[in-house]
Each structure stands twice: as C-alpha cells, then as structure tokens.
Amino acid sequence: MQSEVVLIHGWGMNQQVWQLVAADLSVALNRPVRSLNLPGFGGEALPSGAYDLDAVILHIEEHIQPNSIVVGWSLGGLVATKLAAMRPEKVSQLVLVSSNMQFCESEQWPGIKAEVLAQFKAQLSKDSRKTIERFLAIQAMGSEHAKADIKQIKELLLQAPEPSNSALSAGLDILQTTDLKKVFSELHCPVSGIFGRLDALVPATVAMKLSHINPSFQYKILPKASHAPFISHRLEFISYLKSVL
C-alpha cells in the first residue's frame, strides 16, 4: 500500500487551502493525499488542556497513519517537524513549505521581526478577522499575482468555520517562542523543502541555513513565489513534490 500524504496548513488557515492542489497531487504522486485541520481551526475541536506545540501533536497524531509523508506549510512545518521527532514511526518523509524552525528573527537567524509578531498579537485581541486579512496580505506580498492569490485563499477559507480566537492566540505564541533548530538537525527521516524567493515571512535565506544544520536537507526556491507557492505556482509545487517523493 502506498504511503499517504498528509497536508498541514499554517496559522489562521484551515485544510481547505489545500483544495486547489490536493486532487492533482494525488494523481501526480499516485498515492492518497489528505489534509488535516489543526486544533481550533476549520471547526476542529480545541485540545482539552493547554494549547502548545506538544498538545497539537497529541491532538493530530491519531489522525496520521504510520509511515506517512507529511507536508507542513508555515506553522504546519513546525507541527510536522515536531511530529517527526516525537512520533518518528508516523513520518517516513517530511516536506516543509515556506516554513522555518525559528519564525521569530534573531541576530543569528532570519525570520519575522519580533515587533511584527507582537503587533499581530495586539491586533488579534481587537479584531481577529482583520488580523487574518492583514496576515494574508503579507503572505502574498511580492507574488506576481498577489491579489488573485489572496482572493483564492479567502474563498477557500470561507468554506470552513472561522478559527477559534484561543487557537489563533496560541498559534502566534508558538510562532513567537518555538525554536526547533536542534530538533531539525537530529531528524532521521528524509527532509526537503520548497520556498518562495519573494516571501516576506520566511526569507529565502532560511533554506540554506536549514541545510547547514541538517546537511541531508534538500530544497528548491521558486524565484517568483511568495509564502503560498502551492497556490501561486501550483504546477511547480506539484512537480517538486513529485521529484522528492
């Protein structure tokens, strides 16, 4: 039986964002492809206790078959990486999509400026919908068809319930505080990644940095893509996954 491909979305999103690519991906890879909602997103229940990265893993692991190929976009890449470390029997191969092992920028590591994440957190308490819309605009920034990308993502998100405010807040906390560089360096499964050169949230230089801490990491940078290459450059995204899987 072919290993299943599991797609994990990013912050503020839900599993519907994969709708444009999932069916074609399944045909191209000749294997089942399934997307998941993170807890508190797209109508999925919240964890019973504290909402942190470990709680997310405990929540989703029962929905993932052993030896799955896990594809994590943005925040979903952190989740997929921690899953591969905590439950290695579940993940035969890991693919990062516009993701980082430390999203908050530091002197030694490229990422999102701390003040930008803090602004999102402050705005979230006032108007969650506006915060997600602002996040969408930053995600598409630089893409050659940014307006069309944002419109598509918005339409897909509306097909599922809005995210819980507590899940949005906890997700931002995870992006602000998580550092999985050491975890990433110790992974035993094959790991690859696809990035956009114009990404304003995950600088393209992250890819090379990740390859320095895990020499087996292979990656591709799409020159005209931003943060959501599976939407803006769907065919290139499918072709890349086909080549690494």
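Residues in segment 183-200 include at least one that is among the small types (Gly, Ala, Ser), surrounded by 19 or more Cβ atoms within 10 Å (Cβ to Cβ) and touching a Pro at 6+ places or on another chain (Cβ under 7 Å). When segment 157-209 is filtered for residues that are more than 21 Å from Pro229 (Cα to Cα), in a helix (DSSP H, G or I) and among the polar types (S, T, N, Q), the ones remaining, listed by number, are Asn165, Ser166, Ser169, Gln176, Thr177, Ser185. When we screen Lys126, Lys151, Lys121 for residues that are modelled with pLDDT under 95, within 25 Å of Ile231 (Cα to Cα), basic (Lys, Arg) and out of contact with any strand residue (DSSP E or B) (no Cβ under 6 Å at 6 or more places or on another chain), the only hit is Lys151. Taking segment 117-138 as the range and being of a type in the set (A, V, I, L, M) and within 11 Å of Leu172 (Cα to Cα) as the test, the residues that pass are Leu117, Ala118, Ala122, Leu124. You will find that of Gly76, Gly72, the residue that is buried (at least 24 other Cβ atoms within 10 Å of the Cβ) and not in a strand (DSSP E or B) is Gly76 and no other. When Leu180, Leu158, Leu175, Leu168 are screened for being under 23 Å from Leu46 (Cβ atoms) and at pLDDT below 95, only Leu158 passes.
In segment 129-148, the residue that is surrounded by the most Cβ atoms within 10 Å (Cβ to Cβ) out of those that are among the charged types (D, E, K, R) and either within 14 Å of Val202 (Cα to Cα) or at pLDDT 85 or above (or both) is Arg134.
Among the residues making up segment 33-52, those that are closer than 26 Å to Ile231 by Cα and either crowded, with 16+ Cβ neighbours inside 10 Å or in contact with a Lys or Arg (Cβ under 9 Å, 6 or more places away or on another chain) (or both) are Val33, Arg34, Ser35, Leu36, Asn37, Leu38, Pro39, Gly40, Phe41, Gly42, Glu44.
Of all residues in segment 186-210, which are within 16 Å of Phe237 (Cα to Cα) and polar (S, T, N, Q)? Within segment 186-210, Ser192 is the sole residue that qualifies.
Evaluation of Glu115 against the conditions (1) out of contact with any helix residue (DSSP H, G or I) (no Cβ under 9 Å at 6 or more places or on another chain); (2) surrounded by fewer than 20 Cβ atoms within 10 Å (Cβ to Cβ); (3) touching a residue at least 24 places away in the same chain (Cβ under 8 Å); (4) not aliphatic (A, V, I, L, M) shows that the sole unmet condition is (3). Applying the criterion of being farther than 18 Å from Arg34 by Cα and hydroxyl-bearing (Ser, Thr, Tyr) to the residues of segment 82-111, the residue that is surrounded by the most Cβ atoms within 10 Å (Cβ to Cβ) is Ser99.
In segment 222-245, the qualifying residues are those that are of a type in the set (Gly, Ala, Ser) and surrounded by 15 or more Cβ atoms within 10 Å (Cβ to Cβ), and the one that is nearest to Ser74 (Cα to Cα) is Ala228.
The values are calculated or read from the model by the stated rules, or taken from the named source; none is laboratory data. No experiment lies behind these values; they were computed from the predicted model shown. Glycine gets a Cβ as well: all are built from the backbone with ideal geometry, and neighbour counts include every protein chain shown.
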